[in-house]
Amino acid sequence: MKITYHSHDVFEIETSKARLIIDPFLTGNENAAIKAEDIKVDYILLTHAHADHFGDSVLIAKNNGATLIAPFETALLAQSKGVKKIHPMHIGGGYGFDFGRVKLTIAHHGSGLPGDNGIEYGGNPCGFLITADGKTVYHAGDTGLFLDMKLIGERNDIDVALLPIGDNFTMGIDDAVKAVEFLSPALTIPMHYSTFPVIQADPKEFVKKIETNGAMGRVLRFGETMEI
Ligand code: NI
Ligand code: MN
């Protein structure tokens, strides 16, 4: 499995059977080195409808004929914006796709898409547990720290956890350090930092803190790919 980090919450995951992109916020994201037009994927996974996650979903879906996987209300909102193929799911539910299994977890956050008519309802935000090629990736989405992460860690053998550290809208570094303790993943990659002034954070400080506790962390450069 290959994981590419395009900054913010944007990850591309390449499995042996399909290519996925999570929360494709590229246009207007100064840290992203790739244009939405150049993304080639089979699936788009959306954790919630905030503009910095919904991003280029419509364009990418259209260009690739990609299927959008998201919480029910977010998926229908995307459909109303022109995404043709959707696979609505909800928290606690999992589904076996051709590439592997996706299960939705809770995330403590909001989910609305600001537009000309005010904020459009996107339902509940989520996180994703993605299992493919024998590996499990947990993308927490935008969330504060929650004790149920302990349960997620107990019930899943997580190879890679993707956790927000930017504070203000999500967990900050110290809460994310606690999250790693709850989840006990083999590796943690920080996300959702330094895209905007209010979420400036040092990912190296985070990795240093979790490694002090005996966990493993890795800061991916924007655009960097790693294989697990
Ligand atoms: Ni958000
Ligand atoms: Mn966000």
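Throughout, read-outs are computed from the coordinates displayed, never taken from laboratory work. On a predicted model such as this, the values are computed, not experimentally measured, just so you know. Cβ atoms come from the backbone with ideal geometry, glycine included; neighbour counts cover every protein chain shown.
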Potential extension, H108-K208 segment - 0.36 nm per residue separation minus Cα distance: 33.4 nm
What aspartates and glutamates does K135 reach when the alpha-carbon gap must be under 13 Å and sequence neighbours fewer than 8 apart in one chain are set aside? E14, D157, D159, E227
Helix-only [θ] at 222 nm, the chain, -39500 (n - 2.57) per DSSP H run of 4+, per residue, nearest 500, equals -6000 deg cm²/dmol
Can you work out the PRE-style zone for D116? Point 7 Å along Cα to Cβ, and I want the residues of segment 61-99 with backbone N under 14 Å. 81
Summed residue charge, Cβ within 15 Å of T15's Cβ, Lys/Arg positive, Asp/Glu negative: -1
What's the angle, to the nearest 10 degrees (0 to 90), between helix 173-183's Cα axis and the longest principal axis of the chain? 90 degrees
